[in-house]
Amino acid sequence: MNHNLFLKEMKRNAFSLMVWMTIITLFISGTMALYSTFLENQSKILGMMSIIPKEALQFKGISNFDDMLSVLGFYSVNNVIYMMVLGSIFAIVLSSNILLKEEYNKTAEYLLTRPITRSEIFFSKLAVIFINVFLLNFVTALAGFISMELVKNGPFSIRAFLILSLYTLLLNFLFGAVGLFMSTLVKRGKPITTFSIGLVLIFYFIYTLSKITAGASRIGYLSPYRFADTNAINPAYSIDIWHLAYFIGISLLLIGISYRLYKRKDIYT
Amino acid sequence: MSTPIIEITDLSKFYGKARGIEHVNLEIEEGEIFGFIGPNGAGKSTTIRILMNMIFPTGGKAKIMGMDVIRDTKKIKNQVGYIPSDAGAYSSMDVHEFLSYCIRFYQVKEGEQRIAELSEMFELDLKRKIAELSMGNRKKVSIVQSLLHNPRLLILDEPTTGLDPLMQSIFFELLRSENRKGMTIFFSSHILSEVQMLCKRVAIIKEGKIIQLEDIETLRKKQLKKISVEFDAQVKKEMFSIPGIERVLPGSENSLSFMYSGNINDIVSILSGHNIINLIIEEPSLDEIFMHYYKS
């Protein structure tokens, strides 16, 4: 790893990280602030929800209304979209651009002509992705935890909260690896930001579609969201070793392939 | 004999089926100012990008200072400066931030002093954002970054684009001065006059192949002559369709000019059969020499 490049990239991405942290934190804390109101009006809300088709509720991640009565259930149902979707978009946008922007901004001619190897460039930038994604997850999870502590009406399982946060982090890392992989496939450095965001949304759509359509449940396995268990209020909620292996294995595999491709990639500006 | 500072052996690069360069062979000695001329698309930038390990060859080898450009790229780049033809910029950085970022890649003592010296020479405002700079000023930044670490070899890819004549002259003087101190310069350009001004030896690249490798002076002194003749009556252009004569261009009324390579007595003998009013035999310009090799 090259410290000079690493520090420059951290500085370069600091503003974007701050913006994403602020937006997601505001979404989470704003949503959690509604928890007390939700509890006070649960009978009215239940009445309202009874006229909404079951599939539509499932699309929103609500399979059982009672799940939302506990603070952790409310958090996991309402915040999955912020943490898991927006966090993944942040990760994939960052990672798909971090190598590629040197090409389309035509700065690769300055970077690649320094005494630095392709491996050092790759791992310095990979470290920036990991640290940025970790910081985003840490701060937003902390915001979620503090929000729950402030609005809770009873204890909640910190262990379950940590497992949910771990799944979110692993999912975001995986999308980070996907973005990096895609960027090494692109020739003559064209930005792929729109495609990357689209990919996250497509995977999320596949996952939700598999949940609401009985006949399509199997296609859910195509989506990484299927492997990030969000049912945190289930007493048996724990880390599934196979799901953990899926996230780590796929991420490492994509990073490994990306590394090999980047080491031999023709870089044009 | 010492190891050439750049040694290119049978180097080829194909982009799918499209030709980049083909079987390029080149040796450049330490201390030279070497010109690399060719029109756009001839393969100059492809060759340089392989040397700088930005792209990979499909065949052949290239070495700098005896080291392989792929395997030993980091060691090589410690001692090489590079000016790209059209590099972008870290637009969020100011000039000083960018130059400091560049110099931190090297183990340079008194880096700040070097930044100050070179920036002053090129009248660069260190506090300006790179995004706000004109093309010429960006080029100056590019020149300064290439010299910060006192490289042993400087590779220049069309370096004068955007520089005004005064800055070009300062830049060329700086290059001559650095060369006198021992720096080798590999100067790629399609502007022949600047190569002529600076370089001692030149390679001409055409359609991915080196077609000529000569001293600038030898190139000039070769048999190639530019001959302009004025006759007392009109002569047919076809009369000059003989070996050695090329690019016959009709002039005003009874005159014409052409390039001739061969024994000068032979052409004088042919011309003596006509009534000549005026005859000029001169050294062709480098542009004309280049066109001669390029067209042939």
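No lab work stands behind these numbers, since they all come straight from the coordinates. Just so it is clear, the structure is predicted and the values come from calculations on it, not from any experiment. Because the Cβ atoms are built from the backbone with ideal geometry, glycine has one as well, and the counts that use them run over all protein chains shown.
When the Karplus curve 6.51 cos²θ - 1.76 cosθ + 1.60 is applied with θ = phi - 60°, which whole-Hz ³J(HN,Hα) does each residue of the stretch A:218-229 get, with x for Gly and Pro?
Couplings: 5, 5, x, 5, 6, 9, x, 4, 4, 9, 9, 5 Hz.
Taking amide H positions as placed 1.01 Å from N in the peptide plane, with prolines and chain starts having none, which residues 5 or more places from residue B:33, or on another chain, fall under 5 Å of its amide H?
B:185, B:200, B:201
Helix hunt in chain A: which complete DSSP H runs extend at least 30 Å axially by C-alpha with mean Kyte-Doolittle at least -0.5?
Helix filter hits for chain A: A:3-32, A:118-151, A:158-185, A:241-263.
To the nearest 0.05, how large is the calculated FRET efficiency for residue B:109 and residue A:219 if R₀ is 56 Å and r is the Cβ-Cβ distance? Let's see the in-between values first.
Details: r = 62 Å, r/R0 = 1.10.
Computed FRET efficiency for residue B:109 and residue A:219 comes out at 0.35.
Students often get this wrong, so check it: of A:125/A:211; A:265/B:63; B:13/B:226; B:209/B:236; B:61/B:225, which have C-alpha atoms separated by over 26 Å?
A:125/A:211; B:13/B:226; B:209/B:236; B:61/B:225
Apply the Kirkwood formula to the stretch B:177-292: the hydrodynamic radius equals the inverse of the mean of 1/r over all pairs of different alpha-carbon atoms; give it in Å with one decimal.
Evaluated over the stretch B:177-292, this radius sits at 16.2 Å.
Give the Debye-formula value of log10 I(q)/I(0) at each listed q (0.14 Å⁻¹), with one equal scatterer per alpha carbon of the stretch A:131-269, two decimals each.
Each listed q maps to, in turn, -0.80.
In a Gaussian network model over chain A where Cα atoms closer than 10 Å are linked, find which of A:178, A:19, A:200 has the largest mean-square fluctuation.
Of A:178, A:19, A:200, the most mobile in the Gaussian network model is A:19.
Which one of B:58, A:144, A:112 has its Cα pushed farthest toward the positive end of the charge dipole of the protein assembly as shown, where Lys and Arg give +1 and Asp and Glu give -1 at the Cβ?
A:144
Do you know the relative contact order of chain B, to the nearest whole percent, from alpha carbon pairs under 8 angstrom that are 6+ apart?
Values: 525 pairs, mean separation 58.7, N = 296.
Taking the mean separation of contacting Cα pairs over the length of chain B, I get 20 percent.
Do any trypsin sites (Lys or Arg not before Pro) in the stretch B:116-162 lie in a loop, going by DSSP, with at most 10 other beta-carbon atoms within 10 Å of their beta carbon, and if so which? Don't skip to the end; give the middle numbers.
Numbers: sites: B:127, B:128, B:129, B:138, B:139, B:140, B:152; in loops: B:127, B:128, B:152.
Answer in residue order: B:127.
For chain A, what is the Kirkwood hydrodynamic radius in Å, using each pair of distinct C-alpha atoms?
This gives a value of 19.8 Å.
Please give, to one decimal in nm, the separation of the simple spin-label points placed at residue A:260 and residue B:253, each 7 Å out from Cα toward the Cβ.
7.8 nm
What's the exposure ranking of B:102, B:199, going from fewest to most Cβ atoms within 10 Å?
By the 10 Å Cβ count, ascending: B:199, B:102.
At a Förster radius of 60 Å, what calculated FRET efficiency corresponds to the Cβ-Cβ distance of residue B:266 and residue B:78, to the nearest 0.05?
0.60
Considering the zone a paramagnetic label at residue B:280 would reach in this model (a point 7 Å from Cα along the Cα-to-Cβ line), which residues of the stretch B:226-240 have amide N under 12 Å from it?
B:226-230
Check which residues have an amide H placed less than 5 Å from residue A:189's amide H, if you skip close sequence neighbours.
A:268
In debye, nearest 20: dipole of the stretch B:6-220 around its Cα centre with unit charges on the Cβ of K, R (+) and D, E (-)?
Dipole about the Cα centre, nearest 20: 600 debye.
For residue B:13, what residues show an amide H to amide H distance below 5 Å, using hydrogens built from the backbone and excluding near sequence neighbours?
B:20, B:21, B:22, B:23, B:58
Pick from B:20, B:251, B:38 the residue whose mean-square fluctuation is largest in a GNM of chain B, springs joining Cα atoms under 10 Å.
Evaluated over chain B, the most mobile residue of the options is B:251.
Based on other C-beta atoms within 10 Å, arrange A:117, B:184 from fewest to most.
With the sparsest Cβ surroundings first, the list reads A:117, B:184.
On a 0 to 90° scale, report how tilted helix B:135-147 is relative to the longest principal axis of chain B, with both axes built from alpha carbons and the result rounded to the nearest 10.
Long axis of B:135-147 versus the principal axis of chain B: about 70 degrees.
Tell me, what is the Rg over Rh of the stretch B:167-243, with Rh the Kirkwood radius over Cα pairs? Before the final figure, lay out the partial values.
On the way: Rg = 18.6 Å, Rh = 16.0 Å.
With Rg and the Kirkwood Rh in hand, the quotient comes to 1.16.
If the viscosity is 1.567 mPa s and the temperature 4 °C, what translational diffusion coefficient in µm²/s does Stokes-Einstein give for the stretch B:6-220 when Rh comes from Kirkwood over Cα pairs?
Here the translational diffusion coefficient equals 73 µm²/s.
For a Förster distance of 41 Å, can you work out the FRET efficiency between the beta-carbons of residue B:228 and residue B:91, rounded to the nearest 0.05?
FRET efficiency, residue B:228 to residue B:91: 0.20.
Under a 10 Å cutoff between Cα atoms, tell me which one of A:39, A:136, A:166 has the largest fluctuation in the Gaussian network model of chain A.
The residue that fluctuates most here is A:39.
Quick one: in the stretch B:215-257, what % of C-alpha pairs are over 15 Å apart?
When every Cα pair of the stretch B:215-257 is considered, 49 percent fall beyond 15 Å.
Might you report the magnitude of the Cβ-based charge dipole of the stretch A:3-263 about its Cα centre, with Lys and Arg at +1 and Asp and Glu at -1, to the nearest 20 debye?
Computed charge dipole of the stretch A:3-263: roughly 900 debye.
Kindly write out, for the stretch B:107-116 in residue order, the coupling ³J(HN,Hα) from the Karplus curve 6.51 cos²θ - 1.76 cosθ + 1.60 (θ = phi - 60°), rounded to whole Hz, with x marking Gly and Pro.
8, 10, 7, 6, x, 4, 5, 5, 4, 4
Considering all projection directions equally, how large on average is the shadow of the alpha-carbon convex hull of the protein assembly as shown, in square nanometres?
36.3 nm²
Relative to the longest principal axis of chain B, what angle (0 to 90°, nearest 10) does the C-alpha long axis of helix B:165-180 take?
80 degrees
Between residue A:248 and residue A:119, with labels modelled 7 Å along Cα→Cβ, what's the label distance in nm to one decimal, could you check?
Rounded to a tenth, the inter-label distance reads 2.3 nm.
According to a simple spin-label model (label point 7 Å from Cα along Cα-to-Cβ), what is the distance in nm between residue B:56 and residue A:146?
Here the modelled spin labels are 4.9 nm apart.
Can you give the angle from 0 to 90° between the axis of helix B:286-295 and the longest principal axis of chain B, with both taken from C-alpha atoms, to the nearest 10?
For B:286-295 against chain B, the angle is about 80 degrees.
Near residue B:187, within a Cβ-to-Cβ distance under 11 Å, what is the net charge of the other residues, with Lys and Arg +1 and Asp and Glu -1?
So the surrounding residues net to -1.
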